[in-house]
1. Apply 1/(1 + (r/R0)^6) to the Cβ-Cβ distance of GLU25 and GLN299, taking R0 = 45 Å, and write down the FRET efficiency to the nearest 0.05.
2. Among PHE271, LEU257, LEU199, whose Cα projects farthest towards the positive end of the dipole of the range 190-291, with charges put on the beta-carbon of Lys, Arg (+1) and Asp, Glu (-1)?
3. Determine, for each peptide in 94-101, 143-150, the mean count of other beta carbons within 10 angstrom over its residues, then list the peptides with the highest first.
4. Given axes a ≥ b ≥ c from the Cα gyration tensor, I'd like to know whether the range 104-157 is rounded (a/c under 1.5), prolate (a/b larger than b/c) or oblate.
5. So how much slack lies between HIS174 and ASN118, counting 0.36 nm per residue of separation and subtracting their Cα-Cα distance, in nm?
6. Using a 1.4 Å probe, what is the accessible area per residue for the range 191-291, in Å²?
7. Take the residue pairs LYS117/LYS158; LYS113/LYS158; LYS223/LYS252; LYS140/LYS163; LYS252/LYS274; LYS223/LYS259 and return only those whose Cα atoms are more than 18 Å apart.
8. When 1/r is averaged over all different Cα pairs and the result inverted, which Kirkwood radius in Å belongs to the range 43-105?
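The values are calculated or read from the model by the stated rules, or taken from the named source; none is laboratory data. Worth saying up front: this structure is predicted, and the values here are computed from it rather than measured. Glycine also receives a Cβ, built like all others from the backbone with ideal geometry; neighbour counts cover every protein chain displayed. The protein model used for the area step is the full one, side chains on, heavy atoms only, and it has no ligands, DNA or RNA in it. Shrake-Rupley method; radii C 1.70, N 1.55, O 1.52, S 1.80 Å.
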Amino acid sequence: MRSTVGETNDRNSLSSTKIMLDKQEFNNWCRQQDLSQAAQAIIEEIRSANPSRRVTGARKNVCGSYPSRKMGVTIQFESHHNELARIYELEHDPYVLEYYDQPPAIELVYQSKNGRKNRHQYTPDFFIIRTDSAVWEECKTELELNKLTELNPNRYCKNLDGKWHCPPGEEYAHRHGLDFHVWSNALINWNCQQNLIWLSDYFGYSSGILDETEQSLILDTVKNHLAITLAELLQIEEINPDVIYWLIATDKLYVELNKVKLSQPETVLVFINKDVALSYEQLNSIESKTQDSNQILLQIAVGTNISWDGESWEIVNTGTTATGLLRADGKFIELPNVAFTGLIDTGKIVGVETKQTALGFLLRTQFRLCRYSQRLVISSIGNGITGGS
């Protein structure tokens, strides 16, 4: 029987958590996936059943149960280095709506190495309902999978796509319009795991117990200071660190948890949302590539300084067919636009960095990010986006 979360925990900790789909939401989801009645019946059985088996530990594994806020029950795991790590990811993946441990057994049919037909009941580790699919999933270590492949490649194998597969599991799932995945511990992002553990206490906080003034101060600070570091935020005396971590845990502030470590705040960049972070990363990449090649982004406009054949020129005219250039000694020439752009494309004409061009690039970058953030806010208001699924 599944143990319910909440009897020994603060009930407020679950008050803001959406637990599972209700009947109408589930029916709508089934229609969106265009599932057959048979497939819907299978999933309904999984959703209503208790775990089909109790997990037990082995000599090198530590089994246990995880109190899931997403599901409102405890979820079993056989290994804290494998299944538990997967549970952390499922718990905090916004595209995972529900997940169940030890679902009812399914039948696998496949040939053994000697050609004999095998048919037996098998219990996967999880059944996962995502926003766009539903899958059975088996968690194994790379070591286990390599050994199992040697024993029988018809049961587990690694395909040309570099992913592990269970052909008989996939065959069973596909008959019902569902899927079967094999999840290897090689896929674990330990940076993300450490960060989720770091934030674990904050996932259960209720917004009502946190000071709204402090929340607003932090959000405004991040909005006004692009790519501020977590260390810089933590140094502000008026700010409570617990509020910062709660805002990160609840996605009200964005941090790339897959790439950084919250335990090293000086390396953690904090953004108001993911879109601003991606824009910053893209623009920063463009600037970095430009600096690495010792070239300046060339804007074809009157007043732009360029270098051509070792000499400095200034663009003084941009016509429909030709571009006028003025050399430092006063010599003026006109180049056909086709020839001018050709020299740029081949790198014979490059931009010349000045304080004005560097400042201009910085200002344009900040302006574009600011305008992009404003458009996101306006779009969210216009579309009535308030979060949630």
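1. Details: r = 52 Å, r/R0 = 1.15.
After rounding to 0.05, the efficiency reads 0.30.
2. LEU257
3. Numbers: 94-101: 18.8, 143-150: 13.9.
Order by mean packing, descending: 94-101, 143-150.
4. Working: a/c = 2.58, a/b = 1.52, b/c = 1.70.
Because a/c hits 1.5 or more and a/b fails to exceed b/c, the range 104-157 counts as oblate.
5. Values: separation 56, 0.36 × 56 = 20.16 nm, distance 1.90 nm.
Between HIS174 and ASN118, full extension yields 18.3 nm more.
6. Values: 5470 Å² over 101 residues.
On a per-residue basis, 54 Å².
7. Details: LYS117/LYS158 21 Å; LYS113/LYS158 16 Å; LYS223/LYS252 12 Å; LYS140/LYS163 13 Å; LYS252/LYS274 10 Å; LYS223/LYS259 22 Å.
Going by Cα-Cα distance, LYS117/LYS158; LYS223/LYS259 fall outside the 18 Å limit.
8. Numbers: mean 1/r = 0.0814 Å⁻¹.
Kirkwood hydrodynamic radius for the range 43-105: 12.3 Å.
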